[in-house]
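The values are calculated or read from the model by the stated rules, or taken from the named source; none is laboratory data. Because the structure is a prediction, the values reported are computed rather than measured. Please note: Cβ atoms are built from the backbone with ideal geometry, for glycine as well, and neighbour counts cover all protein chains shown.
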Amino acid sequence: MTADIDNLKSVRGAARPSLIGAARRLTSGRAAPLLVLIALCVLITIANPSFIEPRNLIRIANSSAVPLTLAMGLTFIILLGSIDLSVEGSLSIAAMVVVLLATNDANSNHFGWFAVVAAIAASTAMGFASGLVQTMLRIPSFMATLGVWFIGLGISVYMLGGSAVRLMDPSIRDLALARFLGLPLGVWVALGAFGLACTIQYYTRLGRHIVAVGGAEDLAELSGVNVRRVRILAFGLAGFFFGIAGVLAAAQLGRSDAVIADGRLFAAVTAVVVGGTALTGGEGGVINTLIGVLIVTVLGNGMILLGVSPYVQQTVQGLMIIAAVALSLDRQRLQIVK
Amino acid sequence: MADRSNARFGAMNRRSFLGTVAAGVGVAALPKMSFAADKPTLVTSIRSLSNPYHAVWKSGAEAFAKSVGIDHVTLVSEGNSEKGIADIKAMLAKTGGNMVLNSDPNDTPDARPIVEACAKAGAYVVTQWNKPKDLHPQDFNPYYVCHIEFDGVASGKQIAEILFKSIGGSGGIIALGGQISNTAAIERKKGLEEALAANPDIKLLDFQVANWKSSEAYDLTANLLTRFGDQVKGVWAANDDMGTGALEALRAEGLAGKVPVVGVDGIKAAVDAVRNGEFAATVTSDPFWQGGMGLSIALQALQKKFDPATQPPDHREFYGKAVLIDKDNVQAYYKNNIESQPVVDWNDIWGRVTGPIRT
C-alpha cells in the first residue's frame, strides 16, 4: 500500500515539473522553512547591511519573544489537529492579572513575583477550561476556544474597567529592560519556554501522544492512548505558555489594557503554519515553529529596513505566507484540500 | 405524540387570542404612560467600554446626569452598527421618545437611521465624530440638535509643531499612523504633513502604520531605530496608545526621555509621560466633556432653553476645542483631571465651539 502511494507520488511529481516542484525537490520539503529564513536574511542583508548588526539581531530577538512563547503553546494544539482561538483571551487575562497584582497605578497591590505566578496560573486554568469544555461537553475546539476567548476578554475588560493600567514593579519590568549577556531577560524567558516545549515534545509521553492523536486519533485511541486526557493536558499546557507570553507582553509595554492581545492570534497561527506545522495535525513541531516565528519577525523587520511602504506591507506578508506553506507542505500526500 | 402536544400547545381560541392581544397592548402602552409624565431619560450610545477613551466618555455622561439628577443609560454597540441602532430604537420605544441621546455612531452611515428614528419619536439627539456629509441637523429641526467633531488636521499639526520645537527645529523624526482608511488617521497625518511643509529643516525619516496599537508601535519603533539609528530625534504618533508603545521601545534602548514623543488622546499613561518629560505633548478632545456636554446640549433643547432652529450654523455642526497637554500645563491638568474628577460648567454649552466643520 505504502509503496503504491509512494510510486504514485513520484509519478505525479515527475509528471508536473513546476517551479515550486523544483524548488521543493531542492529543499526536500522539511528544511524549506529554514532555507526561506536564510534566504530572507541574506537578501535583506544585501539590501541593507545594518540588518546583520548585533543591535538589530537583538531587536529581532526581542520582538520574537512574545510571539515565540505564544506559538509554542499553539503548536501543541495544532499538532493535535485542533485550533486554539483563545490565544488573545488567555493572554489578556494573564496580562491583566499581572498588572493588577503587581505594583501598578490603579490599586495598592505589591505582590511582586507572586503576581507572575498567579497570572500564569490563571491562564493555565483557562486552557484547562478549554480542554474540559471540549472533551466533556463534546464541543469542537474551534467553538470551545472561541467561547473561552470572549470570556477571557470580557473578564479583562471588566477588571480593567476599560482603562490601561501601568505596570510599575521594577523587577517585572526588568524582563524587558534588563539584559543578561546582551539579550533582554524576556528573550531568555522565551528561549526557556522553547527549551521546555522541545523537551515536552521530544522527551515526554505527552508530547508523543499529542503527535499520535493529531496524526490519527482513532488509531491512537485503539492503541491505548487516553485521548481525552491528552487533549485536556495539551490545552492546559497551551494556556501555560499563553500566560508566560501575557506576562512578557505586559512587561514589554509597561502596561495592560483589555486589547493588549489584539492581532496576536493571527500572528501566532501564521508563524506556526509558515514554520511547516500542518493545520491537519500530526506533522511539524516546536522547532518548525521557532523558524516560523523568526521568518515572520525577520520579514517585518526587513520590510521596515528596506523602506517598504506600509500600504503594501500586508500584501507582501500574505504572499510570503502562501509561498512558505507552498514550499514546506508536501501537498502530494494531501488527498483532500479543504 | 410530539406532534399532538405541539398542536395543542399552539392552539388558541378567539377569547384567549383577544386576551393576549389586549395584554400585549397594555404592556406596550404602560412604559409610555409612566415615562411620559416623568423626567426625560439621558441616553449615551458608544462603541465599547474596553477602551479608555469611551470609559472616560461614560464617566463624563454620568457626572452630568448626577448634576441634573436625571436617570442615565449607556448603550454599547460593541462595534456592531446594527446592534447600536437597534438598541437606540428599543430605548426610543421604551421611553416613548421622551429622551435625549448623545451618540458616537459606530460608523458613518449609522448616523442617518439614528437621527431619523429620534426625529420620528420626538427625541433630541446630538451626534459626535461620525456622520455622512449630506446629513445636516437643520434638516431635522428641532430634534437633531447638533453634530460635534474635532479637527484632526489641527491636532496632528499642533503636536507636530511642539515636537519640532522640542528637538530644536531640525533633525529627523519617525511617524506612526493609525489604520490607513480611518478618517481620523488620515486627518492627523495631513496635519503632520502641513507642519512638515512649514518646517523644511525637519526630515520625516519614515511614516509607518501601527493600526492604533501599542504592541505594533513597539515592534515598529525598534525596527525603525535599526534603520535610522541616531538620526531619530523624535517620534510623532497619531494616538497615545501608539506613542506609549514607541516610548517603551525607546526605553528598552535607553532612549526614553532623550527622544521626545507626541501623541493624541490624553490617556493617563501619556499624561504621566508628559510629567516625566518623556512625552513632549498630547492633545485630547476631552471625552469627559464630550460625554457630558452632548447630553447637556440635547437636554437644554428638550427643555426649550434654546431653540435649535434659530441657532447659527456653527452651533449646529462644529469643531470642538481640543485640549493641549504639555509641560507647561501638565501639573494643573493632572491635578484637575486625573487625581480628581474634572469640573465642567455643563451650562456653557457653546464654550468650546471653534468653527464650522470643513466640507
For the structure I just gave you, tell me whether B:I173 is surrounded by 24 or more Cβ atoms within 10 Å (Cβ to Cβ) and either not hydrophobic (A, V, I, L, M, F, W, C) or not assigned by TED's automatic domain parsing to the domain that holds B:V43 (or both).
yes
For B:I167, state whether it is more than 24 Å from B:Y319 (Cα to Cα), away from chain A (no Cβ under 14 Å), surrounded by 24 or more Cβ atoms within 10 Å (Cβ to Cβ) and touching a strand residue (DSSP E or B) at 6+ places or on another chain (Cβ under 9 Å).
no
Scanning for something within 14 Å of chain A (Cβ to nearest Cβ), in a helix (DSSP H, G or I) and of a type in the set (V, I, T), does region B:280-291 turn up at least one residue?
no
Can you confirm whether B:D206 is assigned by TED's automatic domain parsing to the domain that holds B:S170, among the acidic types (D, E) and over 30 Å from B:K335 (Cα atoms)?
yes
Which numbered condition B:D265 misses (of (1) of a type outside the set (S, T, N, Q); (2) within 13 Å of another protein chain (Cβ to nearest Cβ); (3) buried (at least 21 other Cβ atoms within 10 Å of the Cβ); (4) free of Cβ contacts under 8 Å to residues at least 60 places away in the same chain)
(4)
Does region B:249-268 contain any residue that is among the β-branched types (V, I, T) and within 21 Å of B:S59 (Cβ to Cβ)?
yes
Being small (G, A, S), within 14 Å of chain B (Cβ to nearest Cβ), in a helix (DSSP H, G or I) and touching a Lys or Arg at 6+ places or on another chain (Cβ under 8 Å): is that true of A:A267 here?
no
Condition first: touching a residue at least 40 places away in the same chain (Cβ under 8 Å), in a helix (DSSP H, G or I) and loosely packed, with under 15 Cβ neighbours inside 10 Å. Now tell me which residues in region B:99-140 satisfy that.
B:Q138
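Restrict the check to region B:225-240 and report whether at least one residue is facing another protein chain (nearest Cβ under 8 Å), hydrophobic (A, V, I, L, M, F, W, C) and in contact (Cβ under 8 Å) with a residue 40 or more places away in the chain. Reasoning before the result, please.
The first filter runs over region B:225-240 and keeps only residues facing another protein chain (nearest Cβ under 8 Å), leaving B:225-227, B:229.
Pick out the ones that are also hydrophobic (A, V, I, L, M, F, W, C) and you get B:225.
After this cut, where a residue has to be in contact (Cβ under 8 Å) with a residue 40 or more places away in the chain as well, the list is none.
No, every residue in region B:225-240 fails to be facing another protein chain (nearest Cβ under 8 Å), hydrophobic (A, V, I, L, M, F, W, C) and in contact (Cβ under 8 Å) with a residue 40 or more places away in the chain.
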Wholly within region A:178-245, helices (runs of 4 or more DSSP H) carrying at least 2 residues that are basic (K, R)
A:205-215
Just to verify a result, which residue in region B:118-136, among those that are more than 21 Å from B:T41 (Cβ to Cβ) and of a type outside the set (F, W, Y), is nearest to the chain's Cα centre (by Cα)?
B:N130
Being of a type in the set (S, T, Y), surrounded by 15 or more Cβ atoms within 10 Å (Cβ to Cβ) and in a loop (DSSP other than H, G, I, E, B) narrows it down to one residue among A:S108, A:S123, A:S82, A:S130; which is it?
A:S82
